[in-house]
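Everything on this sheet refers to the single structure shown next.
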Amino acid sequence: MGAFQSVHQEDNYEDLATRTGFSPEQIRNLHRRFKHLTKNGDKLRRDHFRVISDLELNPIQSQIIEAFFDKRNFQGNGRGTVSEIGFEEFLIVMSYFLPTDPNLTAEERESFRQRKLHFLFNMYDTDDDGKITVQEYRHVVQVLISQSDNLDQEEAKEIADAAMLEVASLAVVHMAPDEFYEGITFEHFVKIWKGIEIEMKMHVRFSHLETTSICK
Amino acid sequence: MSCWTRRGLLLALALGLALLVPMALSLGAAEKTRRSVGNGHGTGVTLRPDDSHGDGHGVNKTKKIFPVLTFDFAHVKIPFEISLWVLLASLMKLGFHLIPRLSSIVPESCLLIVVGLLVGGLMKLVGAAPPELQSDVFFLYLLPPIILDAGYFLPIRPFSENLGTILMFAVVGTLWNSFFIGGLLYAVCQIEGTDLKSIGLLPCFLFGSVISAVDPVAVLAVFEEIHINELLHILVFGESLLNDAVTVVLYHLFEEYSGLGMVTFLDVFLGVICFLVVSLGGVLVGAFYGLLAAFTSRFASHTRVIEPLFVFVYSYMSYLSAEVFHLSGIMALIACGAVMRPYVEANISHKSHTTTKYFLKMWSSVSETLIFIFLGVSTVAGLHSWNWTFVTVTIILCLVARVLGVMGLTFVINKFRIVKLTNKDQFIIAYGGLRGAIAFSLGYLLHPEEFPMRNMFLTTIITVVFFTVFVQGMTIRPLVDLLAVKKKQETKRSINEEIHTQFLDHLLTGIEDICGHYGHHHWKDKLNRFNKKYVKKCLIAGERSKEPQLIAFYHKMEMKQAIELVESGGGVKLPSAVPSTVSMQNIQPKKSNSERALPQISKSREEEIRKILRSNLQKTRQRLRSYNRHTLVGEPDEDGWNDLLLKRQKIMDMDKQISRMSNYLTVPAPPPESPTLSRSRLASDPQHYVPKPTLGNVPIIKVDLASPQSPEYVSVVDEFQKEAVPLKEEDEDAGGLTMKVPLGDPKKEEQEQQDGGKEQQRLMRCLSDPGPGGAEEEDEPFLP
């Protein structure tokens, strides 16, 4: 990287910093990590994630990887998925995991919270129809249980159904018996999380990133 | 105050007084008789003089009249006194809660100290010597139950997330407090005119270290009543537990060298090493015993009755073992309880679990009460040496040191924390630093010869304790309300929360892995995986070792629902927490229209079927009602796991049979008018084994898992699952294929309906209840 490139990059960092909320230092670290994952390429593809061995052990690995390639998370209005992303999209997805800045106003905090919840919602709602149906929920529960050896499908279904019922009772308190609950919409989803402070839970520390030692 | 409570109050007070007076009198009498007769044989005092006293030659003893009634108090004296004290403590606790407004203004600890003062005063009046709080009684018998209770039910998640902060407060904070108070006190002592010159520097530091430790008993007693948010609670409470190691080391260090008057750098260095040994050693000892307990509980399936005993004895042994080596017994207990809990709970039966929980709560409650009463009594009993300067300076310094320490430390800590501590939080942490009986007992341990100012120290300690407990304890509740500090969220642990929390955990771990950041989640995940792979296999019996956490949680909730259903027996109406008419069929995926066009069956046939089903319904409902709390013997099975699986199998077989049977029965939606009907229609039963959605129009039979009978017992309590068939219905009783619980015998039937409905409501509600996974919430003290 020549001097010219690094100057160009610095400006870029500043620009990205203002847009995503990272500090330039963090962006530099993340860029290094990005380069490491893509083996100095420019675009990140799904198979690049395979090098992270710890990720293989994660039960929701595929959902996480998909989240990176989901256009809905790029803060535009896109739908659908892409097959490769650049550093900017990588950064945008990562920015969902920033801790809430205490200096923000109440509205900014609220919008940040909404964005985080929307990110989570998108991870559940895989077919992108705006609601989490029973099948999608069942799939999530199955995946969570699948970590153990015995895959009990009935159990998973039962748990998912019970959970769904609970959400429905919370969200749409009264339903006539012949109505059908389509699925958890985003508003209902937010209602579940009402008591839990997602800002306090959904964050990752970005300050100390080790870029070199991970590749096992 | 209603008539009832007034009566109850009078009764309790009368009992209390009735106990106090004879106790005082008997102790006084025992003292007097002992003094007058002399100790001698230890055979006690008989009402008749003993003629053969002193006759040692075996000469014919003169025949005594056979003593019909003797008074022999001495040989039951100790257990008797202990029992009286415990009884007094319990009655006081009872009495306080009968006075409604008092317990909301004054924290219980204050009231108990006042009672102690009264009892002490009473005893002094009568002439008996009121007992002082002996240090070994305190440390060996009174303190462990409280700490074990705290450790066993320690909320691990918030504790581990805030561990860094807690350690900073505990270690650095206590060190700062000790040296600040000790140093400044020494400076004050050197001032002319206070006649405190004789107190050297090291005794001052010793005093500082004793008085600066935040006391877990006092913190628990006060914070439990104010329901503050989880973060603050765990910060102050965690600090009070972990500062024990620091206190132990400082105390021993200064005590050893006070006589010699100086401490070298080597000693300080050794002190640091000692601190590490004390704390880590304590934790290791505790963990070792915890693992032993978990391992033992694995084999306890055939002797369920003594399962709780293992929990208690192993924990107590860990405490004692740690105390042998002067390691931190408190940390050992905490480690033991926290380590053994997940495994033991997976192994022991439900009854044992309840027993353990209630015994721990009971013991810790009684201990706490006794401690506070004894504090009051010791105040009256002890020899005091009051020194205005010393006492006032100490109190001021304690407050100042605490505030400065908390502010300084928070400034540093906030640089590393993601969720920063606000000023309000800081204030509560500083204000919640209460001192208690540990300080007093440590002071009591000082030798009077080496520390001639011991009495003054004790007086000061008691004053500080009183000040913190009374002033700070009483004012903290209005302050919390005034400052609008966040209170504890009464969130019920629901299955949704569990799912989402687990999902979020995995998500964050994944993101950390992608970032390459070995953070909190990464290591937690690694620990979990290690736990699952190796440790659980060793320590948990049978199938439970492979159970994923989500399923375990769900089963616990089901068990809990079943128990609640059994216990409430159908008599009391419980309001449902989430009044909702949403039921299972609202959730099921839509069927295609073609399935809905079902063949009509002839009316007579339908009547027949209806009659059969109705009679079954009646029978089972009657059977159900006859099982109330008093006749009920069956509990959800002890070895719940296997039986549960068996039951499921049977239920699924039954489902298949039923579906084969009545495939063509249509049951359209009954009109949703009357609340009775709609309530009874609450098929919102998550324990429903919903057969495959394609067979959506089969009658669903709910199996009452709580039923005491064999798994074959099936209660057709529920209505049949409905298909959303568009049907025009003018009125209810018209010819339509309406399947309602017949209104033929209105009163009886409605009653049954309501019972059935209520049960379902309850079940519905139970879903959002705190599952046993959220045991921290549901653990109210047994003796509140």
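Starting with the highest mean, order B:262-269, B:138-145 by the number of other Cβ atoms within 10 Å, averaged over the residues of each peptide. Working shown, then result.
Values: B:262-269: 11.0, B:138-145: 20.4.
My ranking of the peptides, most packed first, is B:138-145, B:262-269.
Using a 10 Å cut-off on Cβ atoms, rank the peptides B:469-476, B:533-540, B:556-563 from the highest mean neighbour count down. Mind dumping the intermediate values first?
Details: B:469-476: 18.5, B:533-540: 15.4, B:556-563: 21.4.
Result, highest mean Cβ count within 10 Å first: B:556-563, B:469-476, B:533-540.
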Average beta carbon contacts from partner chains per residue of A:182-192, 10 Å cutoff:
1
Would you please give the residues with an amide H less than 5 Å from that of B:PHE71, counting only those at least 5 places away or on a separate chain, with H modeled from the backbone geometry?
B:LEU47
Across the stretch B:75-92, in residue order, what do the Karplus-derived ³J(HN,Hα) couplings come to in whole Hz, using 6.51 cos²θ - 1.76 cosθ + 1.60 with θ = phi - 60° and x for Gly and Pro?
7, 10, 4, 5, x, 4, 5, 4, 4, 4, 5, 4, 5, 4, 4, 5, 5, 4
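Holding the Cα-Cα limit at 29 Å, pick out from A:LYS43/B:LYS532; B:LYS486/B:LYS526; B:LYS357/B:LYS537 the pairs that are longer than that.
On the way: A:LYS43/B:LYS532 37 Å; B:LYS486/B:LYS526 33 Å; B:LYS357/B:LYS537 25 Å.
Flagged as over cut-off: A:LYS43/B:LYS532; B:LYS486/B:LYS526.
Starting from the exponent 0.38 and prefactor 2.2 Å, build the expected Rg for the stretch A:41-165 from its residue count and divide its actual Cα Rg by it. Show your work: numbers first, answer last.
Values: Rg = 16.4 Å, N = 125, 2.2 N^0.38 = 13.8 Å.
Computed over Cα atoms of the stretch A:41-165, the ratio equals 1.19.
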If you take the charge dipole of the stretch B:496-557 about its Cα centre, with +1 on Lys and Arg Cβ and -1 on Asp and Glu Cβ, which of B:ALA541, B:HIS522, B:THR501 is farthest toward its positive end?
B:ALA541
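Within a 10 angstrom radius of each residue's Cβ in B:519-531, how many Cβ atoms of other chains show up on average? Whole number is fine. Write down the numbers at each step before the final one.
Numbers: counts 6, 2, 2, 2, 0, 0, 3, 2, 0, 1, 3, 0, 0.
For peptide B:519-531, the averaged partner shielding equals 2.
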Please sort B:372-379, B:306-313, B:113-120 by packing, taking for each peptide the average over its residues of neighbouring beta carbons within 10 angstrom, highest first.
B:372-379, B:113-120, B:306-313
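Which shape class, rounded, prolate or oblate, goes with the stretch B:496-557 when its Cα gyration tensor gives a ≥ b ≥ c as root eigenvalues, a/c under 1.5 marks rounded, and past that a/b bigger than b/c marks prolate? Intermediate results must be reported in sequence, preceding the final value.
Working: a/c = 3.91, a/b = 1.45, b/c = 2.71.
Judged from the Cα gyration tensor, the stretch B:496-557 comes out oblate (a/c at least 1.5, b/c at or above a/b).
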Using a simple charge model, +1 on the beta-carbon of Lys and Arg, -1 on the beta-carbon of Asp and Glu, nothing else, what dipole does the stretch B:426-529 show about its Cα centre, in debye to the nearest 20?
280
Step through the residues of the stretch B:98-115 one at a time and calculate ³J(HN,Hα) from phi using the Karplus curve (6.51 cos²θ - 1.76 cosθ + 1.60, θ = phi - 60°), rounding each to whole Hz and writing x for Gly and Pro.
7, 9, x, 6, 5, 6, 8, 8, 9, x, 4, 4, 5, 4, 5, 4, 4, 4
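For peptide B:415-424, compute the average count of partner chain beta-carbon atoms within 10 Å of each residue's beta-carbon.
On the way: counts 0, 2, 1, 8, 8, 2, 0, 1, 0, 0.
Mean inter-chain Cβ contacts per residue within 10 Å come to 2.
Read the figures in this text as sums done on the coordinates, not as results from a lab. This structure is a prediction, so every number in the text was calculated from the model and none was measured. Cβ: placed from backbone, ideal geometry, glycine included. Neighbour counts: every protein chain shown.
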